[in-house]
Amino acid sequence: MNVVFAVKQYISKMIEDSGPGMKVLLMDKETTGIVSMVYTQSEILQKEVYLFERIDSQNREIMKHLKAICFLRPTKENVDYLIQELRRPKYSIYFIYFSNVISKSDVKSLAEADEQEVVAEVQEFYGDYIAVNPHLFSLNILGCCQGRNWDPAQLSRTTQGLTALLLSLKKCPMIRYQLSSEAAKRLGECVKQVISKEYELFEFRRTEVPPLLLIVDRSDDAITPLLNQWTYQAMVHELLGINNNRIDLSRVPAISKDLREVVLSAENDEFYANNMYLNFAEIGSNIKNLMEDFQKKKPKEQQKLESIADMKAFVENYPQFKKMSGTVSKHVTVVGELSRLVSERNLLEVSEVEQELACQNDHSSALQSVKKLLQNPKVTELDAARLVMLYALHYERHSSNSLPGLIVDLRNKGVSEKYRKIVSAVVEYGGKRVRGSDLFSPKDAVAITKQFLKGLKGVENVYTQHQPFLHETLDHLIKGKLKENLYPYLGPSTLRDRPQDIIVFVIGGATYEEALTVYNLNRTTPGVRVVLGGTTIHNTKSFLEEVLASGLHSRSRESSQATSRSASRR
């Protein structure tokens, strides 16, 4: 179950099926992102694709010597663009691939428009999602719900993305969902409808144990997306932001022109692939090793190119050297900027208190730690607000809750009203009344013993004590202990055996910390394969945008209490 490989295979097959000759790849805004995640431009160039165009671009030239490979989402807008294109074709022949199921009526409209008979084939290739890591995918949807319910357009897009993922991995799963989330049940039903309607597409070879799709809701764990991160990929996203593998470094002091935007992709960056899950301290020493290695391989300035053999050796090694030089300068810049932000924003101290709020249960110590940091001028308003949010979520029902005092402290610190208001919005979004789970107090004896032992021996790393709630959920699922009264099956049948192929989908967005959990589970649990997906991949800023987009904060306290009381009885 490798989503990067699945999408890559689709793109390769499209290019191969169009045969030899010069080609143009015609895409829309979304499929451009989908392709760029799995292929670099230079890789595609090697396959005789010399031009990349958007279907909505008005001023494309007529180039009858090129074949067109069209990879498009099956939207009404794209079908209309294609109809216009086929009426006045700019290329010699068209190979049309839709990233999802296309209706018969749309195919008929295209056939009618193809008066010049330039269409060679129309196919469905289900690469309708963003493949981020081999075990992680996203739909790049921010703000999927209104209140507790789906935004209808986003529900439709998410259903398409999730069914395409299942088709690309050749899985027809049983479905379980989080009972406390109406949105999870609704998405499950929509996916099930598509599977029933398109049953012929989902007729795959039966496995002994059927695959499982588990649908959960971000509101069940609002802690994870609020924490600072210390592994490379997660940290880059938290502090710099990753958008379709691209990092914007334009705000870095004295940045050189060619490093204003860099690409971090494990597919074609060996250093990143080997280090993306390591923690920051290890990255530092690995960067040093990379530099030393680079220095050794660097062509000496005074190197004499006396013989033809010398010149040949230099030319042969130069591309490899140039690539290495690019990798070195990119990672040195990224790690340097992370390092600068860590000290500028006092993130080691901030993160230690965040971990205390997420993992310990000592209220007075936590309160003192938060109050102390709010006095520190180095702590930014985002970090100050996130500490208060974590406090508000953890100690929401504590008898000595001091949230009003902390909100005053935020105002005195000069934190903007926007951030102060989000504190209550986050509690509204993911507070105790909403959660189907208990995030903070381990219930069973085993968990209590584990926490006690952890306390005795101290923690190996105070900055990475936290485990996302998803870790516990998946652990129970793999062991066959996930309670059906909390995560029921959709439909009458249930799974008798422990699941082997698991797809987890987080409505409201997954995180790179959860992706790391899944990566480690895949590595350490033989026979089990897990893929994680989300409506998006969050860092703290995007998570807060998600919360605001849901509009929960704008309701009055009373009405929201009434609705959530009824919700908790479901």
Checklist outcome for this item: Checked T163, T159 against criteria (touching a residue at least 60 places away in the same chain (Cβ under 8 Å), of a type in the set (S, T, Y) and touching a helix residue (DSSP H, G or I) at 6+ places or on another chain (Cβ under 7 Å)); the one match is T163
Checklist entry - When residues of segment 213-231 are filtered for being farther than 29 Å from Q146 by Cβ and in contact with a strand residue (DSSP E or B) (Cβ under 8 Å, 6 or more places away or on another chain), how many remain? => result 2
Checklist outcome for this item: The condition of being in contact (Cβ under 8 Å) with a residue 40 or more places away in the chain and touching a helix residue (DSSP H, G or I) at 6+ places or on another chain (Cβ under 9 Å) holds, among D114, D128, D56, D106, only for D128
Item to check | Conditions (1) in contact with a helix residue (DSSP H, G or I) (Cβ under 6 Å, 6 or more places away or on another chain); (2) among the aromatic types (F, W, Y); (3) under 14 Å from H331 (Cα atoms); number of the one not met by Y272 | outcome: (1)
Next on the checklist: Is it the case, given these coordinates, that N520 is modelled with pLDDT under 95 and part of a loop (DSSP other than H, G, I, E, B)?
Outcome noted: no
Checklist entry - Residues P377, P404: which one is part of a helix (DSSP H, G or I) and at pLDDT 90 or above? => result P404
Next on the checklist: With the requirement that a residue be part of a helix (DSSP H, G or I), in contact (Cβ under 8 Å) with a residue 40 or more places away in the chain and among the polar types (S, T, N, Q), what does segment 1-40 give you?
Outcome noted: T31, S36
Checklist entry - Does segment 173-211 hold any residues that are assigned to a loop (DSSP other than H, G, I, E, B), open to solvent by 60 Å² or more (accessible area, probe 1.4 Å) and not hydrophobic (A, V, I, L, M, F, W, C), and which are they? => result Y199, E200, E203, R205, R206, T207, E208
Next on the checklist: Return the residues of segment 1-35 that are under 21 Å from N268 (Cβ atoms) and of a type in the set (D, E, K, R); say none if nothing qualifies.
Outcome noted: K8, K13, E16
Next on the checklist: Can you find a residue that is open to solvent by 50 Å² or more (accessible area, probe 1.4 Å) and under 30 Å from E545 (Cα atoms) anywhere in segment 113-135?
Outcome noted: yes
Checklist outcome for this item: Residue count, segment 480-514, condition modelled with pLDDT of 90 or more and among the hydroxyl-bearing types (S, T, Y), comes to 4
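To keep it simple, each residue is scored yes or no on (1) open to solvent by 40 Å² or more (accessible area, probe 1.4 Å); (2) touching a residue at least 24 places away in the same chain (Cβ under 8 Å); (3) over 12 Å from K23 (Cα atoms); (4) not in a loop (DSSP other than H, G, I, E, B).
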{"residue": "S42", "(1), (2), (3), (4)": "yes, no, yes, yes"}
{"residue": "L51", "(1), (2), (3), (4)": "yes, yes, no, yes"}
{"residue": "R60", "(1), (2), (3), (4)": "no, yes, yes, no"}
{"residue": "P74", "(1), (2), (3), (4)": "no, yes, yes, no"}
{"residue": "L82", "(1), (2), (3), (4)": "no, yes, yes, yes"}
{"residue": "Y91", "(1), (2), (3), (4)": "no, yes, no, no"}
Checklist entry - Taking segment 383-411, which residues are polar (S, T, N, Q) and free of Cβ contacts under 8 Å to residues at least 12 places away in the same chain? => result S399, N401
Checklist entry - Any idea how many residues of segment 360-379 are closer than 14 Å to Y395 by Cβ, buried (at least 19 other Cβ atoms within 10 Å of the Cβ) and of a type outside the set (S, T, Y)? => result 3
Item to check | Members of segment 469-489 found to be in contact (Cβ under 8 Å) with a residue 60 or more places away in the chain, in a helix (DSSP H, G or I) and open to solvent by 20 Å² or more (accessible area, probe 1.4 Å), listed by number | outcome: F469
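The values are calculated or read from the model by the stated rules, or taken from the named source; none is laboratory data. Keep in mind it's a predicted model, so treat the numbers as computed, not measured. Counting neighbours? That spans all protein chains shown, and the Cβs are built from the backbone with ideal geometry, glycine included. In case anyone asks, the SASA skips ligands and DNA or RNA and just uses the protein heavy atoms, side chains included. Shrake-Rupley method; radii C 1.70, N 1.55, O 1.52, S 1.80 Å.
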